[in-house]
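The values are calculated or read from the model by the stated rules, or taken from the named source; none is laboratory data. Quick caveat, the model's predicted, so the values are computed rather than measured. Using ideal geometry, Cβ is built from the backbone for each residue, glycine included, and neighbour counts are taken over all protein chains shown. Accessible surface areas use protein heavy atoms only, side chains included; no ligands, DNA or RNA. Shrake-Rupley method; radii C 1.70, N 1.55, O 1.52, S 1.80 Å.
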Amino acid sequence: NISPSAQGLTQFQGFWIPTLIAPISSIISFQKYFQALDEDIIVASKPKAGTTWLKALVFTIVNRHSYKLSNTPLNSANPHQLISHFEIKFYKENLNPDLSKIPSPRLFSTHLPYPMLADSIKRSNCRIVYITRNPFDIVVSSWHFIKGVHNLPDWPLEDCFEMFCRGEESYGPFWEHALGYWNMSMEKPSNILFMRYEELKEDPVAQTKRLAEFLGFPFSIEEEKTGVVNQIIDFCSFNHLKELEVNKTGKMPRSIIPSNKLFFRSGKVGDYINYLSPTAVELLSNVLKEKLSESSLTFN
Ligand code: A3P
């Protein structure tokens, strides 16, 4: 089985880390050195849960008074360049970067599970937005993505699926990852917002307003009247972002992701139905039922 080594998957602090993308040294440095500020905003997720989408929304909401949509940096930069990961960018390029000059509110992101966050984040009053997604779509999305990133065109879906069910996948186990943020979102609701890809698809207006309020950048009555919320939703939609030149043909500097277009595949809810057999769906449903049995967290 070539896939785990091709991804550099290594178990660390109870989770599987894709060390080619996020080296252990950068995680340790982040945990040791990062000093959170109360104004910080952190986008947290497991890969393929809707990170790119959420980053576009957060960036646009927070910066909407500085940039019109016609000249927002999102027109020429991938969302991951505007909100970068601690473990994939900041602490990978420099083990102790000076992040104090970044204008407030500083926008960061991470794929790390809650228990692995720097203590200063847990002690501070900063805001964390977590996005999750039904694991069936995550498996299928991950399979496509990993094949593209690591050039594994023949990697069988069954392999990817079985690894996922064992929890042996990027930042997995999936259920442990989601549970950590779910529990904390109930303990500290003003610091951690728990979002779902499916809810964002189903009612983008309500969810975008909820997000903006949580972030401390609520929409005014005037903005609501003049359609600002819908303009932001349309700008950040799959169809719009995917067609921007930077996301069609661009590549992030110094990233091992060969092309930005890998972040935009089908953008649908329930696409797994075209890939997973009913038996596979039942199998993963049973795994989830068992793993989440003591929690109020559920996935449809
Ligand atoms: P699919 O592979 O199912 O299409 P992440 O950003 O966490 O890596 O997740 C990537 C998934 O989100 C991919 O799912 C991708 O197509 C989808 N996606 C990217 N941008 C999106 C957007 N603006 N709206 C909805 N889905 C989006």
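Rolling a 1.4 Å probe over the heavy atoms of the protein chains gives the chain an accessible area of 45 Å² per residue.
Normalising by residue count, the chain has a Cα convex hull of 129 Å³ per residue. Solvent-accessible area assigned to carbon and sulfur over region 209-273 amounts to 56 percent, based on a 1.4 Å probe.
Between L69 and R123, what FRET efficiency follows from the Cβ-Cβ distance if R0 is 35 Å, with the result rounded to 0.05?
Using R0 = 35 Å, I get an efficiency of 0.45.
Descending by average beta-carbon neighbour count within 10 Å, the peptides 100-111, 280-291 line up as 100-111, 280-291, the highest first. By the gyration tensor of its Cα atoms, with a ≥ b ≥ c the square roots of the eigenvalues, what is the shape of region 134-177: rounded for a/c under 1.5, prolate for a/b over b/c, or oblate? Verdict is prolate for region 134-177.
The slack in the chain from I102 to K209, taken as 0.36 nm per residue of separation less the alpha-carbon distance, amounts to 35.9 nm. Every helix of 4 or more DSSP H residues in the chain counts as -39500 (n - 2.57), and over all residues that averages to -12000 deg cm²/dmol at 222 nm. Derived scalar couplings between HN and Hα for region 51-67 equal 4, 4, 4, 4, 5, 4, 5, 4, 4, 5, 4, 5, 9, 5, 8, 8, 10 Hz in order, rounded to whole Hz, by the Karplus curve 6.51 cos²θ - 1.76 cosθ + 1.60 (θ = phi - 60°), x for Gly and Pro.
In this structure, the amide hydrogen of F12, modeled 1.01 Å from its nitrogen in the peptide plane, lies closer than 5 angstrom to those of I17, counting only residues at least 5 positions away or on a different chain.
On region 94-176, 47 percent of the accessible area sits on carbon and sulfur atoms, based on a 1.4 Å probe. The alpha carbons of region 100-257 give a radius of gyration and a Dmax of 18.0, 53 Å, in that order.
Return an integer: the convex hull volume of the alpha-carbon atoms of region 244-288, in Å³ per residue.
Here the figure is 117 Å³ per residue.
Given region 46-114 reduced to its alpha-carbon atoms as identical point scatterers, what log10 I(q)/I(0) does the Debye formula return at q = 0.15 Å⁻¹? Ignoring solvent entirely, the Cα scatterers give -0.54.
Temperature 20 °C, viscosity 1.002 mPa s: under these conditions the Stokes-Einstein estimate for region 166-253, based on its Kirkwood radius over C-alpha pairs, is 136 µm² per second. Using R₀ = 45 Å, calculate the FRET efficiency as 1/(1 + (r/R₀)^6) where r is the Cβ-Cβ separation of E224 and I28; round to 0.05. Calculated value: 0.50.
Remark: region 170-176, residue by residue, has Karplus-estimated 3J(HN,Hα) of 3, 6, x, x, 3, 5, 5 Hz, where x stands for each Gly or Pro and the curve is 6.51 cos²θ - 1.76 cosθ + 1.60 at θ = phi - 60°. Summary of the geometry: region 241-287 and region 33-91, compared by the centres of their Cα atoms, lie 19 Å apart.
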